[in-house]
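Trainee: Structure provided below as structure tokens; questions to follow.
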Amino acid sequence: MTLQRSIEEINKKIEDGEANIYTAEEFKKLIKEQNAPSFEEVDVVTCGTCGVMSGTAAILNFIVSPPGEFIRAEKVYFNGVPAFAGPCPNEWLGEVDVILHGTTHSIDDENYGGGFLLKEIMEGKSVDVVVESVDGKTIENTITIDDINRAQIVGSRMAFKNYTAFTNPGKAPVSSIFAAIPLEGNFSGLTFSGCGDINPLQNDIPHNVINEGKRVLLNGACGYILGDGTRSNAEKPNLMISADLTKMNPYYFGGFKTSQGGEIFNTVAIPIPVLSEKIYNNLLITDEDVKLPVADIKGRHLPLCETNYHELWKDYDLRPKYDENKCSSCDDCIVERVCPTNAFSKGIDLSRCFGCGMCANFCRHDAFDMNTGDVNLEIDKREVNVPIICRQSDRLRANKLALELKKMIKNQEFKL
Ligand code: SF4
Ligand code: SF4
């Protein structure tokens with residue numbers, strides 16, 4: 001690819017306060033208004049995505065007892081969530097290395113798992129640790145982030161481009177990782193993931209600038225792309241990314257309940273330096289251009305039709321408004337059960353809300369005001385209108401992190 005400007009030239013403009021930096025949301029808005037800046041008028045576009053990213057794990061090292069109390073850990077539990085002891089044995093040191101999967105569920109509560117636990121650690125909350133050692137001892141302790149020597153998040157499959165949306169054409173409800181409750185039949189609802197035209201990989205096809213070694217923001221911490229993700233291919237690329245957990249902002253990270261147990265969400269922002277017209281042209285993609293297959297909830301191998309991200313994100317409210325006067329204080333609040341991020345408990349905590357729309361779709365007394373959207377699908381030559389019942393991606397967080405990245409680049413706190 002022939003480059004028409006270099007990173008050094010863009011960095012110089014940043015130093016001189018003359019760089020033109022847009023978030024993807026700002027840039028796409030100008031495109032839609034037929035007012036897009038030309039190649040000469042844009043230096044960097046910061047893209048973002050936020051969604052359920054199952055392949056997330058943490059590598060932690062922490063002190064659990066004084067030296068000499070046990071040989072080495074065999075089993076480790078954090079608030080009941082099992083972690084894998086090792087790889088380093090730390091013999092007689094009283095400290096433990098573990099790998100903890102974001103999708104591992106607690107042995108006591110399958111809705112509580114690695115995602116919720118790691119968020120609590122980031123928030124500075126106390127966590128109960130149980131270590132069963134190879135010499136038959138059980139060590140119990142409570143730790144906080146201050147007792148952790150090193151904590152690194154590794155996402156083996158992040159910032160996916162090209163998701164699939166799901167609906168249920170059958171009769172019986174189907175439980176899956178794509179919604180917090182089993183999806184009812186007869187096309188009663190649709191769930192999907194993906195931030196559409198603001199997603200980094202959607203703006204860099206094929207990878208011209210988003211490559212191994214590139215610096216990114218992962219949940220607010222500066223991190224790096226380690227390479228392609230574990231199921232990456234030319235058609236459906238994704239990235240392996242890593243960053244220091246202790247520097248992350250818990251707002252951008254957390255657990256996500258599904259009807260198959262707890263999952264985990266992350267937020268990623270990546271800068272695209274506009275080094276050539278080819279890179280610039282790739283940035284002109286909009287939601288209408290980003291297609292999304294719709295499949296039977298029983299599997300991606302059962303495609304039904306196709307839609308696009310404009311259809312899915314148009315006229316959608318990013319957050320619900322809760323009216324406590326309409327709430328009937330039901331004995332068994334379904335919203336508390338289905339809210340994937342536990343953002344609702346007799347009131348809504350917007351700092352935890354993901355904008356998924358489940359509350360507005362399932363509250364028995366319409367206590368939530370939110371346009372959750374619907375989509376017209378053509379299936380077997382028949383038009384079907386399907387309400388969107390769960391969004392597993394959050395454009396608000398994605399846009400916020402992309403804006404944070406833009407400001408950091410402008411203030412020279414983040415080097416391209
Ligand atoms: S289901 Fe709706 S009305 Fe009933 S307690 Fe929950 S929020 Fe209130
Ligand atoms: S939109 Fe409603 S159900 Fe979804 S995270 Fe927010 S409060 Fe929970």
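The values are calculated or read from the model by the stated rules, or taken from the named source; none is laboratory data. Because the structure is predicted, anything quoted here is derived from the model rather than measured. Neighbour counts are summed over all protein chains in view; Cβ atoms, including those assigned to glycine, are modelled from backbone coordinates with ideal geometry. The area values use the complete protein model at the heavy-atom level, side chains included, leaving out ligands, DNA and RNA. Shrake-Rupley method; radii C 1.70, N 1.55, O 1.52, S 1.80 Å.
Trainee: Given the options N149, N199, N186, name the one that is in contact (Cβ under 8 Å) with a residue 40 or more places away in the chain and over 24 Å from H101 (Cα atoms).
Mentor: None of the others qualify; the one that does is N199.
Condition check ((1) within 16 Å of ligand 2 (Cβ to nearest atom); (2) open to solvent by 30 Å² or more (accessible area, probe 1.4 Å); (3) farther than 29 Å from T372 by Cβ; (4) in contact with a His (Cβ under 8 Å, 6 or more places away or on another chain)) across all residues:
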| position | (1), (2), (3), (4) |
| --- | --- |
| N162 | no, yes, no, no |
| L190 | yes, no, no, no |
| S193 | yes, no, no, no |
| N199 | no, no, no, no |
| V209 | no, no, yes, no |
| N219 | no, no, no, no |
| N238 | no, no, no, no |
| S242 | no, no, yes, no |
| T246 | no, yes, yes, no |
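Trainee: Okay, next question. Could you figure out which of (1) modelled with pLDDT under 95; (2) touching a Lys or Arg at 6+ places or on another chain (Cβ under 6 Å); (3) open to solvent by less than 10 Å² (accessible area, probe 1.4 Å) isn't true of N111?
Mentor: (3)
Here is a yes/no grid of residues against (1) among the hydrophobic types (A, V, I, L, M, F, W, C); (2) at pLDDT 95 or above; (3) in contact with a Cys (Cβ under 8 Å, 6 or more places away or on another chain):
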{"position": "T56", "(1), (2), (3)": "no, yes, no"}
{"position": "R72", "(1), (2), (3)": "no, yes, no"}
{"position": "A83", "(1), (2), (3)": "yes, yes, no"}
{"position": "N90", "(1), (2), (3)": "no, no, no"}
{"position": "I107", "(1), (2), (3)": "yes, no, no"}
{"position": "L118", "(1), (2), (3)": "yes, yes, no"}
{"position": "M122", "(1), (2), (3)": "yes, yes, no"}
{"position": "V127", "(1), (2), (3)": "yes, yes, no"}
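Trainee: For the stretch 306-416, please list each of the helices (runs of 4 or more DSSP H) lying entirely inside it that holds at least 1 residues being modelled with pLDDT of 95 or more and farther than 23 Å from E288 by Cβ.
Mentor: 334-338, 358-362, 395-410
Trainee: Kindly establish whether T103 is among the β-branched types (V, I, T), more than 30 Å from N281 (Cβ to Cβ) and open to solvent by 20 Å² or more (accessible area, probe 1.4 Å).
Mentor: Considered against the rule, which asks whether it is among the β-branched types (V, I, T), more than 30 Å from N281 (Cβ to Cβ) and open to solvent by 20 Å² or more (accessible area, probe 1.4 Å), T103 comes out as yes.
Trainee: Further, regarding this structure: Being open to solvent by 10 Å² or more (accessible area, probe 1.4 Å), under 22 Å from K400 (Cα atoms) and part of a helix (DSSP H, G or I): is that true of K12 here?
Mentor: For K12, the condition - open to solvent by 10 Å² or more (accessible area, probe 1.4 Å), under 22 Å from K400 (Cα atoms) and part of a helix (DSSP H, G or I) - is not met.
Trainee: What is the residue count in the stretch 39-67 for residues that are aliphatic (A, V, I, L, M), open to solvent by less than 10 Å² (accessible area, probe 1.4 Å) and either farther than 16 Å from V274 by Cα or assigned to a loop (DSSP other than H, G, I, E, B) (or both)?
Mentor: The total comes to 5.
Trainee: Right, here's the next one. For residues in the stretch 315-348 being out of contact with any Cys (no Cβ under 9 Å at 6 or more places or on another chain) and under 16 Å from K257 (Cα atoms), which is surrounded by the most Cβ atoms within 10 Å (Cβ to Cβ)?
Mentor: Across the stretch 315-348, the extreme among qualifying residues is N342.
Trainee: Also: Restricting the search to the stretch 15-38, which residues are closer than 13 Å to V274 by Cα and surrounded by 10 or more Cβ atoms within 10 Å (Cβ to Cβ)?
Mentor: Once the filter is applied, which keeps residues that are closer than 13 Å to V274 by Cα and surrounded by 10 or more Cβ atoms within 10 Å (Cβ to Cβ), the stretch 15-38 yields A19, N20, I21, Y22, T23, A24, F27, P37.
Trainee: Sticking with this structure for a sec: Applying the selection to the stretch 361-412, what residues are crowded, with 17+ Cβ neighbours inside 10 Å and within 16 Å of ligand 1 (Cβ to nearest atom)?
Mentor: If the condition is that a residue be crowded, with 17+ Cβ neighbours inside 10 Å and within 16 Å of ligand 1 (Cβ to nearest atom), then N361, F362, C363, A367, F368, M370, T372, I389 are the ones that fit.
Trainee: Taking the conditions exactly as written (at pLDDT 95 or above and touching a helix residue (DSSP H, G or I) at 6+ places or on another chain (Cβ under 8 Å)), does D289 satisfy them or not?
Mentor: Criteria met by D289.
Trainee: Moving on. From D204, D228, which residue is open to solvent by less than 10 Å² (accessible area, probe 1.4 Å) and among the charged types (D, E, K, R)?
Mentor: Being open to solvent by less than 10 Å² (accessible area, probe 1.4 Å) and among the charged types (D, E, K, R) holds for just one of D204, D228, which is D204.
Trainee: Name, by its number, the condition in (1) without any contact (Cβ under 8 Å) to a residue 12 or more places away in the chain; (2) open to solvent by 50 Å² or more (accessible area, probe 1.4 Å) that does not hold for K75.
Mentor: The number of the failed condition is (1).
Trainee: Does F256 count as closer than 24 Å to T307 by Cβ, in a strand (DSSP E or B) and in contact with an Asp or Glu (Cβ under 6 Å, 6 or more places away or on another chain)?
Mentor: Yes; evaluated as a whole, the condition is true for this residue.
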